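Single-structure report; data block below.
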């Protein structure tokens, strides 16, 4: 078979205080698969020599190139062949099988080399060479699967888009329905408010009418009572006056005397009495001598003259 190229070794930058000597080994490995196909892997192995173990490693195996040639490379080839022969060629092409092989290889290398005080951090498969007689059908099948998955995904996307459009349409319809219901509610609220205002106004007018009616009734009752009170007072006063007059008449013991007394009380205090002496039939002519010559019959006699 082909001779494997010499591995390339490089030192990684220090990652922490506890990891001071981390190296990366790039190696090309060949082995037969479970189904008899020749498989070649381009892999990168990351390993570490702990400071506390370096002296022992150098005494046991020599310097770093010697450690790689005597210990690490043989174990990589041995473990790769052992683990790789348990996988079919297809497993190194399909992602899941390839990842599983990579994890198994890392765990096995770490377990074996840890006994020699060498720490394995990881084994990364970068490239796999598989014979075209199996690679092409697998790639075609994978392509068909990917195409089918793509078509299904497109169908799902179209379905989701249709569902989304339906949802958006329903949301829009619901929005319009909500807007209509809102306008309806606003109209109902406004109508209810107007109804309440009208009822309040009607009730106010009714209450006002009742109050005015009550006021009118109170005024009428007041007028009635005031009239009755005035009539009763007038009746009482006049009755008392009548009683007083009766007492006065009774005091005079003669109605005519009472009348004369009343007449005398009603005369003007400034009245003057004159006695005119006249003969028979000369009263009117003698009135000229008095201040009554211009009144009554005396005035008529004067006009005839």
Name the pairs whose Cβ atoms lie under 9 Å apart, with the first residue in segment 59-85 and more than 20 Å from residue 40 (Cα to Cα) and not assigned by TED's automatic domain parsing to the domain that holds residue 32, the second at pLDDT 85 or above and buried (at least 18 other Cβ atoms within 10 Å of the Cβ), and 6 or more positions between them or separate chains?
none
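Yes/no per residue for (1) surrounded by fewer than 16 Cβ atoms within 10 Å (Cβ to Cβ); (2) not in a helix (DSSP H, G or I):
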| site | (1), (2) |
| --- | --- |
| 46 | no, yes |
| 76 | no, no |
| 87 | no, yes |
| 97 | yes, no |
| 112 | no, no |
| 120 | no, yes |
Working only within segment 48-74, note down all residues that are over 14 Å from residue 115 (Cα atoms) and assigned to a loop (DSSP other than H, G, I, E, B).
62, 63
Could you list, ordered by first residue, the pairs with Cβ atoms under 7 Å in which the first is in segment 103-114 and closer than 10 Å to residue 80 by Cα and in the same structural domain as residue 78 (by TED's automatic domain parsing) and the second is modelled with pLDDT of 90 or more and exposed (fewer than 14 other Cβ atoms within 10 Å of the Cβ), at least 6 apart or interchain?
none
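The values are calculated or read from the model by the stated rules, or taken from the named source; none is laboratory data. Source: prediction; values computed, not measured. Cβ: placed from backbone, ideal geometry, glycine included. Neighbour counts: every protein chain shown.
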